[in-house]
1. Kindly indicate whether S115 is crowded, with 19+ Cβ neighbours inside 10 Å, hydroxyl-bearing (S, T, Y) and more than 21 Å from I162 (Cα to Cα).
2. Which of the residues belonging to the stretch 1-29 are away from the ligand (no atom under 16 Å from the Cβ), open to solvent by less than 30 Å² (accessible area, probe 1.4 Å) and under 20 Å from the mean Cα position of the chain (by Cα)?
3. Tell me, please, whether a residue that is within 16 Å of the ligand (Cβ to nearest atom), open to solvent by 60 Å² or more (accessible area, probe 1.4 Å) and in a helix (DSSP H, G or I) can be found in the stretch 58-66.
4. Hey, I206 hits all of (1) under 18 Å from the mean Cα position of the chain (by Cα); (2) of a type in the set (A, V, I, L, M); (3) open to solvent by 20 Å² or more (accessible area, probe 1.4 Å); (4) over 20 Å from G107 (Cα atoms) but one; which does it fall short on?
5. Taking T47 as meeting all but one of (1) part of a loop (DSSP other than H, G, I, E, B); (2) without any contact (Cβ under 8 Å) to a residue 40 or more places away in the chain, write down the number of the exception.
6. Restricting the search to the stretch 110-131, which residues are more than 16 Å from the ligand (Cβ to nearest atom) and either touching a Leu at 6+ places or on another chain (Cβ under 9 Å) or within 12 Å of S94 (Cβ to Cβ) (or both)?
7. If you check S94, S4, which single one turns out to be part of a helix (DSSP H, G or I) and farther than 23 Å from K117 by Cα?
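The values are calculated or read from the model by the stated rules, or taken from the named source; none is laboratory data. As the structure is a prediction and not an experimental result, all values here were calculated from the model. Cβ atoms come from the backbone with ideal geometry, glycine included; neighbour counts cover every protein chain shown. Only protein heavy atoms, including side chains, enter the accessible area calculation; ligands, DNA and RNA are left aside. Shrake-Rupley method; radii C 1.70, N 1.55, O 1.52, S 1.80 Å.
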Amino acid sequence: MTHSKHPIPQLGFPITETHCHLDFLAPEAVAATLELARAQGVHRFVTIGTAPDNLDRVKEIAGAHNDVWCTLGIHPHDAKSADVDVMTRIRTDSISANRVVAVGEIGLDYHYGYSEKKVQQTVFETQLQIAADLDLPVVIHSREADDDTQAILANFASTRAIKGVIHSFTSGIGLAEYCLSENFMLGFNGIITFNRAENVRDVLKITPLDRMVVETDTPYLTPVPYRGKENAPCYLPFIVQRMASEKALAVDEMLAHLEANANRLFPGLI
Ligand SMILES: [Zn+2]
């Protein structure tokens, strides 16, 4: 990967990648991807579980690098494959495995509808209950499901100061306001650099500085100026820079907030 045409900004403060899918990369590419990101000041990575057949892999990646942690959960796309045995695994592995910092990613996706709505809802509720039982934060994916996400979260019994994050936030202002009032953080990624993402920038504008985290969602959603290429955590600085300019803050000041917020969202990182 060469970045000579659009150099990545060098940041003066370490940064945490709160949401990436390192298991979606070719296994031989993981070490080099991490190395490139470390050179840009990324000092911690959270790689996200999504399906029954990648839970072992995300644990393995987290176990192999001392700056990588993981989450375990079944994504709404895969809800149809989340039988009782899979739910039991999420629970027992979240207790027994090292370096598991949250339950996720879980939620509702009515855009693609790869699993039936009713099945998605049940699997989401079951995993919220696991998180509540284990006192873990949650990583939530919600797409075109604002009303049902809000209705289900209304029954989430978490007593954590920060209950979790709605990652890659693209939902409406109404769900944003609800989640902020319910002690969730909102996760922002390369989408905020896209021309047509005015709605996401509007949500960023109303999000308090102590309630936002940054992520790439690698390998998806590559920020401008590398949009169209495969994403990587080394591109985080482009996202942070844009968040800072939208909030009229110095980049280092934004970074200080984002680091503090990552620590509050995932206490297991410290
Ligand atoms: Zn994701």
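1. On the way: crowded, with 19+ Cβ neighbours inside 10 Å: yes; hydroxyl-bearing (S, T, Y): yes; more than 21 Å from I162 (Cα to Cα): yes.
It is true that S115 is crowded, with 19+ Cβ neighbours inside 10 Å, hydroxyl-bearing (S, T, Y) and more than 21 Å from I162 (Cα to Cα).
2. I15
3. Narrowing the stretch 58-66 to residues within 16 Å of the ligand (Cβ to nearest atom): 58, 61-62.
Imposing the further condition that a residue be open to solvent by 60 Å² or more (accessible area, probe 1.4 Å) reduces the set to none.
No, because not a single residue in the stretch 58-66 is within 16 Å of the ligand (Cβ to nearest atom), open to solvent by 60 Å² or more (accessible area, probe 1.4 Å) and in a helix (DSSP H, G or I).
4. (1)
5. Only one criterion in (1) part of a loop (DSSP other than H, G, I, E, B); (2) without any contact (Cβ under 8 Å) to a residue 40 or more places away in the chain is unmet by T47, namely (1).
6. Hits for the stretch 110-131 are K117, Q121, L128, I130, A131.
7. Details: S4 fails: part of a helix (DSSP H, G or I).
Unique residue meeting the criteria: S94.
Every residue, every condition in (1) of a type in the set (S, T, N, Q); (2) not in a helix (DSSP H, G or I), yes or no:
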site	(1), (2)
G104	no, yes
N155	yes, yes
S158	yes, yes
L180	no, no
I192	no, no
